[in-house]
Amino acid sequence: MQKYLTIGTVLKPQGIRGEIKVMPYTDYAEDMKDFTCVSIGGTQYKVLACRVAGGYAYLTLRGVADRNAAELLRGKDVLVDREEAPELPEGRVYIADVIGCALVTEQGEKLGEVLDVTPARTDIYTVLIGGKQVMFAAADGVIISVDVHGGTVTVNKERFEQVATL
């Protein structure tokens with residue numbers, strides 16, 4: 001398992017005092033208020049303040065005193081130490097833990113490997129199948145189970161073939 005989890009991306013500076021606007025990858029932007037320290041571009045920052053509005057998080061970080069300093073963070077991922085990440089409810093997993101898992105059918109047939117998951121209302125999975133990248137939406141009935149400890153994502157083959165870009 002990865003030591004750091006990506007929880008968002010810096011969109012832009014907000015104002016002139018170093019605040020940054022973050023697009024959260026968490027289920028709720030309010031989850032960003034739980035973090036006391038973040039890593040951006042390989043540098044650790046203490047979170048001095050966090051406010052939420054319109055589905056975005058606005059962070060004030062120690063060492064980012066003005067708009068120019070905040071501008072240098074634009075487009076970079078915001079990471080947190082896994083130990084600081086909140087416990088997930090039953091049946092939920094972190095995206096970082098799904099990457100690298102085998103994609104298998106209910107019958108145990110290995111289809112490929114999960115390369116990436118793009119967060120959206122319905123997450124978009126990118127998998128490598130026979131040397132080709134295939135994308136599919138995690139629509140109702142496609143994913144049956146996720147076993148991060150066993151390293152598998154099990155799908156309903158028929159439903160998978162309906163939504164995948166084969």
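The values are calculated or read from the model by the stated rules, or taken from the named source; none is laboratory data. Note that the structure is predicted; figures quoted are calculated from it, not measured. For neighbour counting, all protein chains shown are included, and Cβ atoms are generated from backbone atoms with ideal geometry for every residue, glycine included.
Values computed for the structure shown
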{"item": "Unique residue being buried (at least 17 other Cβ atoms within 10 Å of the Cβ), touching an Asp or Glu at 6+ places or on another chain (Cβ under 9 Å) and within 16 Å of Thr105 (Cβ to Cβ) when the list is Val142, Val155", "result": "Val155"}
{"item": "Any hit, region 96-116, residues being surrounded by 14 or more Cβ atoms within 10 Å (Cβ to Cβ) and within 30 Å of Gly18 (Cβ to Cβ)", "result": "yes"}
{"item": "Members of region 12-41 that are without any contact (Cβ under 8 Å) to a residue 40 or more places away in the chain and more than 17 Å from Gly55 (Cα to Cα)", "result": "Ile40, Gly41"}
{"item": "Selected residue (only one of Val153, Val142, Val148 is closer than 20 Å to Leu5 by Cα, in contact with a helix residue (DSSP H, G or I) (Cβ under 6 Å, 6 or more places away or on another chain) and of a type in the set (A, V, I, L, M))", "result": "Val148"}
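A quick yes/no check of all residues on (1) touching a His at 6+ places or on another chain (Cβ under 6 Å); (2) among the hydroxyl-bearing types (Ser, Thr, Tyr); (3) on the phi > 0 side of the Ramachandran plot:
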| site | (1), (2), (3) |
| --- | --- |
| Met32 | no, no, no |
| Cys37 | no, no, no |
| Gly42 | no, no, yes |
| Tyr58 | no, yes, no |
| Val64 | no, no, no |
| Val78 | no, no, no |
| Glu84 | no, no, no |
| Pro89 | no, no, no |
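Conditions tested, residue by residue: (1) assigned to a helix (DSSP H, G or I); (2) touching a residue at least 60 places away in the same chain (Cβ under 8 Å); (3) outside the structural domain of Val38 (by TED's automatic domain parsing); (4) under 21 Å from Gln2 (Cβ atoms).
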site	(1), (2), (3), (4)
Ala65	no, no, no, no
Ala69	yes, no, no, no
Arg74	no, yes, no, no
Leu79	no, yes, no, yes
Pro89	no, no, yes, yes
Gly100	no, no, yes, yes
Val104	no, no, yes, no
Gly108	no, no, yes, no
Leu111	no, no, yes, no
